[in-house]
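These notes concern the structure reproduced below.
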């Protein structure tokens, strides 16, 4: 069986060489030369646009406004071509199934795409004779398109919306007045993107609920040190540093966390 397939491939290759000699030109060096020239043209266009952008204002300013490292209202979003993975994180929740959604499924699809040419070696290329391949390709493209759209239009909790929960926190936790600035900062600093507090927020990467953080009696100094450098206090912690908030706001957050003793 294998020798028969090898012989068929040899016959097909000889036929291809005869067709090229009679009707056309071989891939090397003609088509390869054309591809090389076009690649050079594309690179030159990109370099030219980079020079125009850098030395003129035709394509926009070289530098925009400086980023504020202490912002409490910025909501990070991925580039558009990662929106489908971004939305998968909303479907597959941490920690039970997030690996399946973000690594497992895309990897399986990529492996299938790489293996299909070696499995399907038929010479038939007409679309009507390849229903499984066409349906599979359409479903993959459609699913990625839908996930990209859903990721692009996904709504993030805004600071103003989360601030509406603060009065409820004060009531249920019986927070003192000194903890109110920290509570508002907690609601608008992105803490609830990973942590939960009295039912608000969403647990990501195993982030704990902080509703009763103060009952652990860790102290203001510990909370500030942890907010400045989480991985220094807890080795391997994936939590980012909030040192850019500054000493005053870090102290407010620490006071709020220490005042959170749980619902009464």
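Laboratory data are not the source of any read-out in this text; all were calculated from the coordinates shown. Computed from a predicted structure; not experimentally measured. Heads up, the Cβs are rebuilt from the backbone with ideal geometry, glycines too, and the neighbour counts pull from every protein chain shown.
What FRET efficiency, computed as 1/(1 + (r/R0)^6) with R0 = 25 Å and r the Cβ-Cβ distance, is obtained for residue 193 and residue 103, rounded to the nearest 0.05?
After rounding to 0.05, the efficiency reads 0.75.
How much of the calculated P(r) for the stretch 111-195 lies past 15 Å, in percent of all Cα pairs?
Details: 2621 of 3570 pairs.
Within the stretch 111-195, distances greater than 15 Å cover 73 percent of Cα pairs.
First measure r as the distance between the Cβ atoms of residue 90 and residue 50, then evaluate 1/(1 + (r/R0)^6) with R0 = 45 Å and state the FRET efficiency to the nearest 0.05. Display every interim value, and only then the final one.
Working: r = 36 Å, r/R0 = 0.80.
That gives a FRET efficiency of 0.80.
Relative contact order of the stretch 5-144, please, whole-number percent, based on alpha carbon pairs below 8 angstrom and at least 6 residues apart. Numbers along the way, then the final one.
On the way: 22 pairs, mean separation 11.3, N = 140.
Result for the stretch 5-144 is 8 percent.
Can you give me the C-alpha center-to-center distance between the stretch 236-264 and the stretch 83-140, rounded to a whole angstrom?
Spelled out, the Cα-based centre of one part sits 42 Å from the other.
What FRET efficiency do you get for residue 31 and residue 228 if R0 is 51 Å and r is their Cβ-Cβ distance, rounded to the nearest 0.05?
Working: r = 59 Å, r/R0 = 1.16.
Rounded to the nearest 0.05, the efficiency is 0.30.
Once you've got the GNM for the chain with C-alpha springs shorter than 10 Å, pick whichever of 103, 42, 121 has the biggest mean-square fluctuation.
Looking only at 103, 42, 121, the biggest GNM fluctuation is shown by 42.
If I take every Cα pair under 8 Å that is 6 or more residues apart in the chain, average their sequence separation and divide by the length, what percent do I get for the relative contact order?
Values: 228 pairs, mean separation 47.3, N = 264.
It comes to 18 percent, rounded to a whole number.
Could you bin all the Cα-Cα distances of the stretch 162-238 into 10 Å bins starting at 0 and give me the percent of pairs in each, rounded to whole numbers?
Result returned by the calculation: 17, 52, 28, 2.
In cubic angstrom, how much convex hull volume per residue do the alpha carbon atoms of the chain span? Write down the numbers at each step before the final one.
Details: hull volume 64.8 nm³, N = 264.
Residue-normalised Cα hull volume stands at 246 Å³.
May I ask for the equivalent-ellipsoid semi-axes of the stretch 1-64, computed as the square root of five times each C-alpha gyration tensor eigenvalue and listed largest first in whole Å? Numbers along the way, then the final one.
Values: eigenvalues 482, 46, 8 Å².
So the equivalent ellipsoid measures 49, 15, 6 Å along its semi-axes.
Rg and Dmax of the stretch 76-156, using alpha carbons, in Å: what are they?
15.6, 49
Pop a pseudo-label 7 angstrom from the Cα along the beta-carbon direction at both residue 241 and residue 170 and give the gap in nm to one decimal.
If labels sit at residue 241 and residue 170, their model points lie 3.4 nm apart.
Just grab the label-to-label distance for residue 40 and residue 177, each label 7 Å out from Cα along the Cβ direction, in nm (one decimal).
7.7
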